[in-house]
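Below: one structure, written as structure tokens.
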Amino acid sequence: MRAIPVASVALLGVAALSACVPAGAAVGGHDSTFGFTVTPATVAPGDEVTLGVGRTDAGCRGRVTATSPVFDTVTIPRDDYWATAQVHRDARRGAVYQVTFACMNRTGTVDLTIAGGGSHHWTPEPHHPKGVHAGEGGSVAGLDVQQIGLGAALVVGSVGVAYHLSRRRSGGDGA
């Protein structure tokens with residue numbers, strides 16, 4: 001009957017470890033290797049796109065230049081995370097254009113799709129360029145060995161305590 005508490009402790013440990021996986025590792029996005037993003041990924045001619053850059057150890061820490069045939073060259077200063085660009089009104093509907101990001105000696109590309117033609121009227125998502133850049137921290141950060149070690153120690157410690165408590169017997173049960 002010792003298998004049930006041991007199995008419970010093992011499952012709790014696996015659940016705790018799987019909860020430690022960064023959200024960015026589980027879900028793919030419409031971005032490049034260095035955290036360059038274009039939002040929204042599909043836009044109508046004449047609308048704005050937000051060009052973003054991840055400011056992590058693996059990402060770009062300097063000034064970023066974004067170029068594309070469908071908008072004027074945009075520069076993201078080294079202390080900012082994003083900038084906006086106005087898509088040309090004569091952009092070809094249904095076409096996919098590359099947006100090229102350059103930061104120091106690194107470059108990356110992201111696709112930008114122009115909304116297709118047709119009889120329907122396309123409505124873009126609401127865009128709020130002013131605001132707080134929240135939620136980027138843990139999901140796009142690089143691996144930190146010290147934090148991983150601390151997390152693993154906490155998980156191992158909690159599993160050890162749970163195992164010890166499951167094996168411990170009370171002195172008053174007559175066993």
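The values are calculated or read from the model by the stated rules, or taken from the named source; none is laboratory data. These numbers come from a predicted model, not from an experiment. Positions of Cβ are backbone-derived with ideal geometry, glycine not excepted, and every protein chain shown enters the neighbour counts. We work out accessible area using only protein heavy atoms, side chains counted, and drop any ligands, DNA or RNA first. Shrake-Rupley method; radii C 1.70, N 1.55, O 1.52, S 1.80 Å.
Quick check on segment 84-92. Is at least one of its residues in contact with an Asp or Glu (Cβ under 6 Å, 6 or more places away or on another chain), closer than 30 Å to Glu48 by Cβ and either modelled with pLDDT under 85 or open to solvent by 90 Å² or more (accessible area, probe 1.4 Å) (or both)?
yes
Provide a single number: the residues in segment 17-52 that are at pLDDT below 60 and either part of a loop (DSSP other than H, G, I, E, B) or closer than 25 Å to His88 by Cβ (or both).
10
If I filter segment 53-60 for residues that are open to solvent by 30 Å² or more (accessible area, probe 1.4 Å), out of contact with any strand residue (DSSP E or B) (no Cβ under 9 Å at 6 or more places or on another chain) and either at pLDDT 90 or above or not small (Gly, Ala, Ser) (or both), do I get at least one hit?
yes
Can you go through Val74, Val99 and tell me which one is open to solvent by less than 10 Å² (accessible area, probe 1.4 Å), of a type in the set (A, V, I, L, M) and at pLDDT 90 or above?
Val99
Please determine whether any residue of segment 111-123 is small (Gly, Ala, Ser), at pLDDT 75 or above and surrounded by 11 or more Cβ atoms within 10 Å (Cβ to Cβ).
yes
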